[in-house]
Amino acid sequence: MIASPYPFNGVARYCLMPDASGNRHADANCDPDLDPGLPDAQGLLCAYVQAPGLPAGSQNYKVCVTHLGTSDDPTRKQQTAWIRALVKPDLDAGRVVSVSGDFNSEPDMPSLNNMYRQRLVGDYTGNGDFVDGDATDPDYFAKAPSGVTCKAANQNRPAMCRSGQNTAHTTSGIDKKIDYVFFPIERLDFAAYGRWAIDMFRRPGNTSHHDLLVAGANLKFP
């Protein structure tokens with residue numbers, strides 16, 4: 001679901017399920033009510049939001065949300081590759097795109113290499129176009145997953161790491177970070193506060209194994 005106090009200037013739903021040939025299933029047919037072979041159809045929902053300050057009818061801000069299934073990570077890796085391909089035209093056109101949701105993947109997993117610009121070794125030469133809303137919180141640098149290297153601040157960016165606060169509680173009693181708010185790294189105004197200003201918190205719920213996740217950032221619009 002996407003909710004906004006501002007109008008939408010277009011909404012699109014994309015399927016992230018493979019067809020019999022392993023290609024992305026047709027969007028129009030990605031409905032478990034129409035196709036019994038898709039009992040847990042997964043997708044990407046996007047909307048252009050008329051944010052304050054943008055021209056009327058603007059499509060400069062695209063907000064997307066997803067929920068990837070609990071299948072194996074190679075399947076999720078294919079799904080995040082599709083997500084990247086679906087939002088890439090907007091990014092290449094200079095638009096701002098954010099992607100959030102339950103990825104059922106921890107920060108060090110291969111499936112998220114398609115989302116993070118920061119690689120596991122710490123540098124910013126990865127395939128992804130994004131940074132997670134919790135990547136600048138030093139409280140979790142020492143708790144980064146095994147094999148993850150955090151990067152010190154430089155003239156362009158604050159210290160960042162593929163780590164963060166756990167967001168979900170599994171039935172086996174293990175807490176994990178599997179929920180994300182991804183912002184486009186090229187559109188973040190890191191200099192606004194000397195470092196990226198993030199407001200992020202969690203509140204336990206009674207009906208979900210996930211906690212509420214809130215993130216915010218200063219974004220540079222074209």
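The values are calculated or read from the model by the stated rules, or taken from the named source; none is laboratory data. From a predicted model like this one, the values you see are computed outputs, not experimental measurements. FYI the Cβ positions are ideal-geometry reconstructions off the backbone, even for glycines, and counts take in every protein chain you see. Accessible surface is based on the protein model in full, side chains and every heavy atom, while ligands, DNA and RNA are left aside. Shrake-Rupley method; radii C 1.70, N 1.55, O 1.52, S 1.80 Å.
Identify the residue in the range 124-138 that is farther than 21 Å from Arg84 by Cβ and in contact (Cβ under 8 Å) with a residue 24 or more places away in the chain and, among all such residues, is least open to solvent (accessible area, probe 1.4 Å). It comes out as Thr136.
Here is the figure for the range 42-98: residues that are surrounded by fewer than 19 Cβ atoms within 10 Å (Cβ to Cβ), assigned to a loop (DSSP other than H, G, I, E, B) and of a type in the set (D, E, K, R) total 1. Scanning the range 145-158 for residues that are in contact (Cβ under 8 Å) with a residue 24 or more places away in the chain, assigned to a loop (DSSP other than H, G, I, E, B) and farther than 21 Å from Pro74 by Cβ turns up Thr149, Cys150, Ala153, Asn156, Arg157, Pro158. Cβ-Cβ contacts under 6 Å between residues 6 or more apart (or on different chains), taken from a first residue in the range 55-69 that is in contact (Cβ under 8 Å) with a residue 60 or more places away in the chain to a second residue that is in a strand (DSSP E or B) and open to solvent by 30 Å² or more (accessible area, probe 1.4 Å), are listed as Val65/Leu45; Val65/Ser100.
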